[in-house]
1. Under the rule a/c < 1.5 gives rounded, and otherwise a/b versus b/c splits prolate from oblate, where does the range 1-124 land using the Cα gyration tensor?
2. Classify the range 135-184 as rounded, prolate or oblate, taking a ≥ b ≥ c as the square roots of the eigenvalues of its Cα gyration tensor: rounded when a/c is under 1.5, otherwise prolate if a/b is larger than b/c and oblate if not.
3. Nearest 20 debye, what's the magnitude of the dipole of the chain about its Cα centre given +1 on Lys and Arg Cβ and -1 on Asp and Glu Cβ?
4. Could you list M134, M123 so that the one with the fewest beta carbons within 10 Å of its beta carbon is first and the one with the most is last?
5. Along the charge dipole of the chain, pointing to its positive end and built from +1/-1 on Cβ of Lys, Arg, Asp and Glu, which listed residue (N16, A137, N195) has its Cα farthest out?
6. Among the helices of the chain (complete DSSP H runs), which have Cα atoms covering no less than 27 Å along the helix axis and a Kyte-Doolittle mean of at least -1.0?
7. By DSSP, what percent of the beta bridges with both residues in the chain are antiparallel, rounded to the nearest 5?
8. Treating cross-link reach as a plain straight distance, find the lysines whose alpha-carbon is under 24 Å from the alpha-carbon of K33, omitting any fewer than eight places away in the same chain.
Amino acid sequence: MFNMGVKYIFRLDDVNPSMNWNEFHRYINLFKKYNIKPLIGVIPDNQDKEIKKYEFNDNFWKIIKDLVDSKVVDISQHGYQHQLFPTSIQSPHSIGVFSKKSEFSGLSRQEQYDKILKGKNIMKEYGVESDIWMSPAHTLDNSTIEVLVDLGFKIITDGSGLFPFKSEKMLFVPQQFERPRRMPIGVITFCIHTNNSSDILYQDTEKLLESSSNDCISIRDVKVGKGKLGYYFINKLFQFFLIKIRSIKLLILDIRL
Ligand SMILES: [Zn+2]
């Protein structure tokens, strides 16, 4: 049946050995308190100076593996080195239609394959390989999706819409907002950058966990049920408004509902 409820998923981006560890642990402890499993996006070999501003932690992979093994988090591969370059090539599914940077979009299929495989092998070496993909800057193109399918990925945490959808053998779980807020319908993923979090962001996260913990799910709980056509039209409608609203640079979507 077509079910118009709401579910919330949290993801923590840019997890790397030189991240803001205090903020990372602060959020992990918050999710633990409410027994909610967030998705973390781990960069296999981070080379992006913008997000390695803190002291390098030698225990990185052990800490990550412990979190995964103790089922505190789900893990995804967040690109390879997070080195972004300017590009305007995008998959129609990409929510990053407004992002002009990517680690992959526009590269040849072979180049993308090599990079993604290198990242995947690093994660495998440390025992935290994942079939969930999180694209740096939310950007990917059609070749990225083909390569991800070839390499055994099953879920992409991104895509444009209010509800998850299947396409090209992949489950897309759209990511819509950064700041947690209540919504009337949808499967809503909030993307939290713990490196530059703020007290307000933390408080908004806790507020939502407090009021709606029964509606918070793990990304692995996502299922695409019946009523595909209904979801399809809602996603199209959402895309239309998202593009309209963002293109005239209004921040209507950032008003708390
Ligand atoms: Zn990132």
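A short reminder: the numbers here are calculations on the coordinates, not readings from a lab. Because the structure is predicted, anything quoted here is derived from the model rather than measured. Methodologically, a virtual Cβ is constructed for each residue, glycine included, from the backbone with ideal geometry; neighbour enumeration extends over all protein chains shown.
1. On the way: a/c = 1.82, a/b = 1.17, b/c = 1.56.
It is oblate, given that a/c is not under 1.5 and a/b is not larger than b/c.
2. On the way: a/c = 2.84, a/b = 1.90, b/c = 1.50.
Note, shape of the range 135-184 comes out prolate.
3. Numbers: 35 positive and 30 negative charges, 180 e Å.
That gives a dipole near 860 debye.
4. Details: M134 27, M123 20.
In increasing order of surrounding Cβ atoms, one gets M123, M134.
5. After comparing all options, I get A137.
6. On the way: long enough: 228-247 (28 Å, 0.45).
TM-like helix candidates: 228-247.
7. On the way: 5 of 26 bridges.
If we restrict to bridges inside the chain, about 20 percent are antiparallel.
8. K7, K62, K65, K71, K207
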